[in-house]
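Below you'll find the structure, written out as structure tokens, and then a few comments.
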There are 2 protein chains.
Amino acid sequence: MPSAEWKWQSMTWAKRYLTKPRPRQKKRTDAMDEMGLPFEEVLARLKQFSSRDHHFDDGDIFGSMCTKPHDAAIKAHMMFLEANLGNRGLYPGTSDMENEVVEDVGTLLGMQRPKGQMLSGGTEANLLALWSAREFTGKNKVLLPQHAHFSFKKACRMLKMEAIEIPSSEKYVLDSKVLPGFLEDNVACVVAVAGITETGLCDPIDEIGRILEGTSIPFHVDAAFGGFVLPFIEHPPRFDFDIPKLTSMTVDPHKMGMGTIPGGILLYRDDSFLKGIRSHAPYLTQKSHYAITGTRGSAGVAAAFSAIKSLGCSGYRSIVRDCMDNTRHLCARAKVAGFPCAFEPLTNVVVLSMNEPEYVYKMLTDAGIFCSTSRNPKGLRIVVMPHVSRENIDALVSKIKEVVTCPP
Amino acid sequence: MPSAEWKWQSMTWAKRYLTKPRPRQKKRTDAMDEMGLPFEEVLARLKQFSSRDHHFDDGDIFGSMCTKPHDAAIKAHMMFLEANLGNRGLYPGTSDMENEVVEDVGTLLGMQRPKGQMLSGGTEANLLALWSAREFTGKNKVLLPQHAHFSFKKACRMLKMEAIEIPSSEKYVLDSKVLPGFLEDNVACVVAVAGITETGLCDPIDEIGRILEGTSIPFHVDAAFGGFVLPFIEHPPRFDFDIPKLTSMTVDPHKMGMGTIPGGILLYRDDSFLKGIRSHAPYLTQKSHYAITGTRGSAGVAAAFSAIKSLGCSGYRSIVRDCMDNTRHLCARAKVAGFPCAFEPLTNVVVLSMNEPEYVYKMLTDAGIFCSTSRNPKGLRIVVMPHVSRENIDALVSKIKEVVTCPP
């Protein structure tokens, strides 16, 4: 453990460092060039930019819930680059692929008659769910866990709904014991999370469903991350449409579904769910729209289709098994190094307990290693996505140890 | 001209046809397959779906404001498939490309110091503009032209803002003479369109700017379509940031910018514009967010960059010149065939006057030819995008004539 003296010094140093102004690139003031460049020159510039980006293959991305898409997804994405389900009549093939993705993922998640649509991602799906709930109920309070994804608070601000945070239990999930005290007349929606962004844990969705029995409050589950993980772990909690009260669910093929961005799905039990948010576009091939975006890049639909068909349940199970093996490997290594897991991981997200995780995060970032931090429990957050190998994990643990024990 | 008798018969027939239930595909009820398929089998299915979609190269898409992206855009899109500006710290190269696109397009559109961001498309940009205006002003009325894109009404419903339609003049653009009568205390934003979806025309943005002088009302221009057309036509109206009152503007690289979906830009004169809509994501590399979507597929940023650098102003000018030549060709042919243009086209959008454009539209659609309709003026709407050739136009005009003169 670092001494108090060292800690003070390093924090002072970190504070100086963190507030030091970074050198800014000189501002360009040129207008668009009159003449175009030959593609070789454009390509050279693209390669320069790409070399400055970080890539999943580099082994230094530990804080993202996206990953390198499946090869079959990338190929499908390219084939359907023009597809735009915002003008659905032109794309009956893509439209049928969307239906098949919704069928496959919906049945995976406990639906008897899957209904849903593909969207740009989890944020759009969560926003639509809250908007629908507002229109459907005419009410405006949203009960959500403290750890809900930031898209919910953004949606509440946009929609002029009131976000009311339900406290977490000591297990870092929504405390279902206190929930009944929050149920009142003006509640438009209850939100729970399956695969919490910061911890990978799962709210007690089954219990929440029981608490909501006898009410008509819509119940939305954000399984953007967990939707493609929980069905494939060994002892999954109940979290899906098998729970009768569940109204709608977000699940993202572009996270653990091995699809490409943009790829989110909103599933809903009942078509009437979207009735209140219909838009009318008289000049398009499809007159009624239920999404936020207008032009909808639908290459992600083909990519999700291709990943799902290429992998099947057994493929996803194998990916999740590998991720969970690596997660346990990380926990074991980190424990030996002095940073025990703050809780037993349910999915492939780990929070390591340590002093000053923000400082460690910052030092790692400066070294080109991208983790993130968790607020509750406080710690260094690592997402063990399919692109993260054991070698990457070993290197990460060594680096964390180095950062903590050898301040600059 | 068709006789009244024929018209009656055809309308009756059309009504029968239009209300006839279509055969539905048998509902799949299978769950996700246990085993994945070899890629050859997945590819065979993808090809089947693709063969049922319509493609810009087929020569039958006349109603879309998207087009086949520039080759250089497609290549760049593939190179940056992983990029996600929702987690900006991982993608400094893509982030700098975004800045350069904003610089290039901003200066093209009259900005001295371009500010803006790339988004999923025009709808997200328009939604952000209205949300910003609501937060910035604390007011909630939006004055918009009758022909404003449907995203504005959708945004108003989401944001609980009141959309107030300003009547059009006899020239099918916002009637600036009546605008002053609508200006009152509770106006959060005035919207005008440069490249109206249904007509391609341009609202009198210069005049509106003058009318708004002395007020502090934000003024948003939707140039999703016109932003990459108007700067390149021979006698463009004033419509851009050169007009001092203009606050923000939407422009879509994935329309006439020859980029890929998702590719929209929101430009704003002042950074404080977005202050009210900041979201906070503690666990990401970038803590402050100003977009609707969370994970932001940013392959479209690279595609826009690549198209802009490959084409330069001269490239866009040449594309627009070809589109305008084809537009005039269409007008001439259609006039001879008995369907004169309802107005002289300003951009590459044409509305052909005819009886029963809805019927003609429907018959063309059934024949696999995709135009659309316009409400004001009433007519058949054709967007002469870069993928539309003279041969396509000639075939279209023949088909329209056939549909009108030879009812089934």
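The values are calculated or read from the model by the stated rules, or taken from the named source; none is laboratory data. Because the structure is predicted, anything quoted here is derived from the model rather than measured. As a convention, Cβ positions derive from the backbone with ideal geometry for all residues, glycine included, and neighbour counts pool all protein chains shown.
Among the basic types (Lys, Arg), surrounded by fewer than 24 Cβ atoms within 10 Å (Cβ to Cβ) and in contact with a strand residue (DSSP E or B) (Cβ under 8 Å, 6 or more places away or on another chain): is that true of B:Lys115 in this structure?
So B:Lys115 fits the description; yes.
Inside region B:33-62, can you point out the residues that are assigned to a loop (DSSP other than H, G, I, E, B), facing chain A (nearest Cβ under 7 Å) and touching a Phe, Trp or Tyr at 6+ places or on another chain (Cβ under 7 Å)?
Of everything in region B:33-62, those that are assigned to a loop (DSSP other than H, G, I, E, B), facing chain A (nearest Cβ under 7 Å) and touching a Phe, Trp or Tyr at 6+ places or on another chain (Cβ under 7 Å) turn out to be B:Asp53, B:His54.
Report, by residue number, each residue of region B:275-300 that is part of a loop (DSSP other than H, G, I, E, B) and among the basic types (Lys, Arg).
The answer is B:Arg278, B:Lys287, B:Arg296.
Can you find a residue that is over 19 Å from A:Lys255 (Cβ atoms) and either more than 7 Å from every other protein chain (Cβ to nearest Cβ) or buried (at least 23 other Cβ atoms within 10 Å of the Cβ) (or both) anywhere in region A:68-81?
Yes, region A:68-81 has at least one match.
Against the definition (in a loop (DSSP other than H, G, I, E, B) and either within 13 Å of chain B (Cβ to nearest Cβ) or out of contact with any Phe, Trp or Tyr (no Cβ under 6 Å at 6 or more places or on another chain) (or both)), how does A:His329 come out, yes or no?
No: the conditions fail for A:His329.
Tell me, please, whether a residue that is modelled with pLDDT under 95 and under 22 Å from the mean Cα position of the chain (by Cα) can be found in region A:216-233.
So far as region A:216-233 goes, no, none of its residues is modelled with pLDDT under 95 and under 22 Å from the mean Cα position of the chain (by Cα).
Given the conditions (1) out of contact with any strand residue (DSSP E or B) (no Cβ under 8 Å at 6 or more places or on another chain); (2) part of a strand (DSSP E or B), and given that B:Ile211 satisfies all but one, which numbered condition is not satisfied?
It is condition (2) that B:Ile211 fails.
Can you say whether B:Thr215 is crowded, with 22+ Cβ neighbours inside 10 Å and polar (S, T, N, Q), as far as the supplied structure shows?
no
Out of everything in region B:310-326 that is charged (D, E, K, R) and more than 14 Å from every other protein chain (Cβ to nearest Cβ), what residue ends up being surrounded by the most Cβ atoms within 10 Å (Cβ to Cβ)?
Out of the qualifying residues, it is B:Asp322.
Inspect region A:233-249 for any residue being in a loop (DSSP other than H, G, I, E, B), touching a strand residue (DSSP E or B) at 6+ places or on another chain (Cβ under 9 Å) and facing chain B (nearest Cβ under 10 Å) and give the result as yes or no.
No - not one qualifying residue is present in region A:233-249.
Whether any residue in region B:121-128 is part of a loop (DSSP other than H, G, I, E, B) and more than 7 Å from chain A (Cβ to nearest Cβ) is what I want to check.
No, region B:121-128 contains no residue that is part of a loop (DSSP other than H, G, I, E, B) and more than 7 Å from chain A (Cβ to nearest Cβ).
Is it the case that A:Thr107 is surrounded by fewer than 24 Cβ atoms within 10 Å (Cβ to Cβ), in a helix (DSSP H, G or I) and of a type outside the set (D, E, K, R)?
For A:Thr107, the condition - surrounded by fewer than 24 Cβ atoms within 10 Å (Cβ to Cβ), in a helix (DSSP H, G or I) and of a type outside the set (D, E, K, R) - is met.
Can you pull out the residues in region B:354-408 that are aromatic (Phe, Trp, Tyr) and part of a strand (DSSP E or B)?
Matches in region B:354-408: B:Phe370 only.
Please work out if A:Phe49 is buried (at least 22 other Cβ atoms within 10 Å of the Cβ), closer than 28 Å to B:Cys313 by Cα and out of contact with any strand residue (DSSP E or B) (no Cβ under 9 Å at 6 or more places or on another chain).
Spelling it out, A:Phe49 is indeed buried (at least 22 other Cβ atoms within 10 Å of the Cβ), closer than 28 Å to B:Cys313 by Cα and out of contact with any strand residue (DSSP E or B) (no Cβ under 9 Å at 6 or more places or on another chain).
Restrict the check to region A:198-209 and report whether at least one residue is over 21 Å from the mean Cα position of the chain (by Cα) and without any contact (Cβ under 8 Å) to a residue 24 or more places away in the chain.
No, every residue in region A:198-209 fails to be over 21 Å from the mean Cα position of the chain (by Cα) and without any contact (Cβ under 8 Å) to a residue 24 or more places away in the chain.
Out of region B:254-272, which residues are surrounded by 24 or more Cβ atoms within 10 Å (Cβ to Cβ) and touching a strand residue (DSSP E or B) at 6+ places or on another chain (Cβ under 8 Å)?
Those that are surrounded by 24 or more Cβ atoms within 10 Å (Cβ to Cβ) and touching a strand residue (DSSP E or B) at 6+ places or on another chain (Cβ under 8 Å): B:His254, B:Gly257, B:Thr260, B:Ile261, B:Pro262, B:Gly263, B:Gly264, B:Ile265, B:Leu266, B:Leu267, B:Tyr268.
Here are some residues: B:Thr373, B:Thr365. Which one is under 24 Å from the mean Cα position of the chain (by Cα) and free of Cβ contacts under 8 Å to residues at least 12 places away in the same chain?
Just a single option satisfies the conditions, and that option is B:Thr365.
What are the residues in region B:149-201 that are in a helix (DSSP H, G or I) and of a type in the set (Ser, Thr, Tyr), if any?
B:Ser151
Quick grid of which residues meet (1) farther than 27 Å from A:Val102 by Cβ; (2) touching a residue at least 60 places away in the same chain (Cβ under 8 Å); (3) of a type in the set (Asp, Glu):
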site: A:Lys160; (1), (2), (3): yes, no, no
site: A:Ile166; (1), (2), (3): yes, no, no
site: A:Val178; (1), (2), (3): yes, no, no
site: A:Phe182; (1), (2), (3): yes, no, no
site: A:Val193; (1), (2), (3): no, no, no
site: A:Ile211; (1), (2), (3): yes, no, no
site: A:Val221; (1), (2), (3): no, no, no
site: A:Phe228; (1), (2), (3): no, yes, no
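Run down A:Ala148, A:Ala163 and say which single residue is modelled with pLDDT of 95 or more and either buried (at least 22 other Cβ atoms within 10 Å of the Cβ) or over 27 Å from B:Leu130 (Cα atoms) (or both).
Unique residue meeting the criteria: A:Ala148.
In region A:256-309, which residues are facing chain B (nearest Cβ under 8 Å) and basic (Lys, Arg)?
A:Arg296, A:Lys309
Of the residues that sit in region B:86-97 and are in contact with a helix residue (DSSP H, G or I) (Cβ under 6 Å, 6 or more places away or on another chain), modelled with pLDDT of 95 or more and surrounded by fewer than 24 Cβ atoms within 10 Å (Cβ to Cβ), which one is nearest to the other protein chains (Cβ to nearest Cβ)?
Among them, the one singled out is B:Gly93.
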